[in-house]
Amino acid sequence: MGTTGAARERPLVLIDTCIWIYHFSGDARFGNKVSRLLRRIERGEWEGIVSEISLLEILVQPLRLGRQEVADTYELVLERFPHLEICGIGREETLSAAALRARYGLRTPDALILATGLNRGATLALTQDHQWRRIREIEVRTLDE
């Protein structure tokens, strides 16, 4: 993407792991809302980012069930999803995550996911994790709002 937050024409949105899990599972409660939100990224209304930590978390269940082909499909969907970038974790994210974890008492994966978004200039995070609502550095929206 390579665009700074100031020059960005479309909002940069961090997508939490649970959003993808609801999407892939066709969740009865949140599936339709998740589909609408992801369509905004797909159409280019928003730019989306997802942490490699989320990719890891998404792949665990299919791999646990011995469903490598499902895990491969999930990875491919994320890789090819329009206007979505899968972001790695480096030293900068690690240090930012440590500060978030210390400040808010977050679990390490959540701190890393949020740090990934913040370090890349995301202004909105989509999740169903109500603990994220305490984060002041980014606007957080939960699916049940």
So if I take the centroid of the Cα atoms in segment 62-86 and the same for segment 8-33, what is the distance between those two points in Å? 14
Under the rule of at least 5 residues apart or a separate chain, name every residue whose amide H is placed under 5 Å from the amide H of G48. V13, L84, E85
For A125, other-chain or 5+-apart residues with amide H closer than 5 Å (H placed, Pro excluded) are L14, E139, V140, R141
Net charge within 15 Å of L106 by Cβ-Cβ distance, Lys/Arg positive one each and Asp/Glu negative one each, not counting L106 itself? 0
Ordered by number, the trypsin sites (Lys or Arg not before Pro) in segment 1-93 that occupy a DSSP loop and have at most 10 other Cβ atoms within 10 Å are R43
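Just so you know, all these numbers are worked out from the coordinates, no wet-lab data involved. In this text, all values refer to a predicted model and were calculated from it rather than measured experimentally. When we count neighbours, we look across all protein chains shown, and the Cβ atoms used for this are built from the backbone with ideal geometry, even at glycine.
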